[in-house]
Amino acid sequence: MPLVIVDGANVVGSVPDGWWRDRAGAAIRLRDSLAPLPTTGLPGLPAPIEVVLVVEGKARDIPQAPSGIRIERASGSGDDKIIDLVRAEAASRPIVVVTADRGLRSRAIDLGAEIRGPSSVPR
């Protein structure tokens, strides 16, 4: 089953909707908007898929929801957490990282991940 890893801070930051006033609330909205993906998939990536939302900073303590979206809380850098996840899973299944962060994109590609931009997921 493919793994889709969503860079929460980067995807939330791609929509200028005032997210900076309530980072946790923005992360919860993103988590909830991702809820259909495990059963609907993404274009070119049919379901079922596993979706992981990586959160950091003030969004780190958002609650897990019964939606099937796994929350991974970065104790430090969200980018480092994402790379740890890619490194742990890349040999066993396809990995897609959703981010616009150039440095993270490069690091993830070097480990064999596919990259998609923030607009590839519901926000």
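The values are calculated or read from the model by the stated rules, or taken from the named source; none is laboratory data. Being a predicted model, the structure only gives us computed values, none of them experimental. Counting neighbours? That spans all protein chains shown, and the Cβs are built from the backbone with ideal geometry, glycine included. With ligands, DNA and RNA removed, areas are computed over all heavy atoms of the protein, side chains included. Shrake-Rupley method; radii C 1.70, N 1.55, O 1.52, S 1.80 Å.
Here are some notes:
- Computed over the chain: relative contact order in percent, which uses C-alpha pairs under 8 Å that are six or more apart: 32
- Region 73-123 and region 1-64: distance between their alpha carbon centers, rounded to Å: 13
- Rolling a 1.4 Å probe across all protein chains gives Leu42 an accessible area of roughly 10 Å².
- For region 67-82, the Karplus equation 6.51 cos²θ - 1.76 cosθ + 1.60, evaluated at θ = phi - 60°, returns couplings of 6, x, 8, 7, 9, 10, 9, 7, 6, x, 6, x, 4, 5, 4, 4 Hz by residue, with Gly and Pro reported as x.
- The residue list Ala108, Ser75, Ala24 was ranked by how far each Cα lies along the charge dipole of the chain toward its positive end, using unit charges on Cβ atoms, and Ala24 comes out on top.
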